[in-house]
1. For Arg73, tell me the accessible area in Å² from a 1.4 Å probe, rounded to the nearest 10.
2. Could you order Thr76, Thr16 by accessible surface area, starting with the largest, using a probe radius of 1.4 Å?
3. Using the crude model of +1 on Lys and Arg Cβ and -1 on Asp and Glu Cβ, and no other charge, please compute the dipole size for the chain relative to its Cα centre, in debye to 20.
4. For Asp19 and Thr148, calculate 0.36 nm times their separation in residues minus their Cα-Cα distance, and state this gained length in nm to one decimal.
5. Take the Cα radius of gyration of the range 21-81 and divide it by 2.2 N^0.38 Å, with N its residue count; two decimals is plenty.
6. For the Cα atoms of the chain, what angle does the longest principal axis make with the long axis of helix 23-42, in degrees from 0 to 90, nearest 10?
7. Would you please name the chymotrypsin sites (Phe, Trp or Tyr not before Pro) within the range 1-77 that are DSSP coil residues with at most 14 other C-beta atoms within 10 Å of their C-beta?
8. Can you tell me the FRET efficiency between Ala44 and Asn68 if r is taken as the Cβ-Cβ distance and R0 is 41 Å, rounded to the nearest 0.05?
Amino acid sequence: MPSTYKTPNYGLNKWTGSDKPKMDDFNLDNEKLDAALGAHAANATLHLSEEEHGWLRAPMEYGSYSGNGTSPRQVTVGFKPKFLLVYAVGQPLIYYDWNYRTADLYSGVATENGASMGITLSDTGFSVENVEDSVIGVGPILNQTGKTYAWMALR
């Protein structure tokens, strides 16, 4: 015999002292619970995928390094960035010298689809270079001794 009372949401048995439960009552309750939990778990609009969980864990890392003049210089962030921004702290993004008609690029950007001059993505981070290009008069300066560089990387 089913219970005298039922729960409001799923109609599960709510037993009193005078009720006489049967195995079928418990099995029916278990089937209702299984159906409700299964429908909930299968509802993709209520739950994040594994990929979406990854975005929330740490979608961005940032840091800095002190320029030491080596070229190229590897910077490890622990993953291959999907997007990267590097810039010299306290410097303009680009410095143009009117006397010598040259430009020093103190910043750079990289994505999975390509990168600005002087940056290369790797599986564990990125590398930066100082490039002196006398032909076009423009070159990235992304590891100059004595300068501090900040970076932001998106997973």
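The values are calculated or read from the model by the stated rules, or taken from the named source; none is laboratory data. Since the model is a prediction, treat every value here as computed from it, not as a measurement. Here the Cβ is made from the backbone with ideal geometry for all residues, glycine too, and neighbour counts use every protein chain on show. Just the protein is used for accessible areas: all its heavy atoms, side chains included, with ligands, DNA and RNA removed. Shrake-Rupley method; radii C 1.70, N 1.55, O 1.52, S 1.80 Å.
1. Counting only protein heavy atoms, the figure is 50 Å².
2. Working: Thr76 100, Thr16 50 Å².
Output order, biggest surface exposure first: Thr76, Thr16.
3. Numbers: 12 positive and 17 negative charges, 69 e Å.
Roughly 340 debye, rounded to the nearest 20.
4. Values: separation 129, 0.36 × 129 = 46.44 nm, distance 7.63 nm.
Full extension of this stretch gives 38.8 nm more.
5. Values: Rg = 25.0 Å, N = 61, 2.2 N^0.38 = 10.5 Å.
For the range 21-81, the normalised Cα radius of gyration is 2.38.
6. So the inclination is approximately 20 degrees.
7. Numbers: sites: Tyr5, Tyr10, Trp15, Phe26, Trp55, Tyr62, Tyr65; in loops: Tyr10, Trp15.
Filter output for the range 1-77: Tyr10, Trp15.
8. Details: r = 49 Å, r/R0 = 1.19.
Computed FRET efficiency for Ala44 and Asn68: 0.25.
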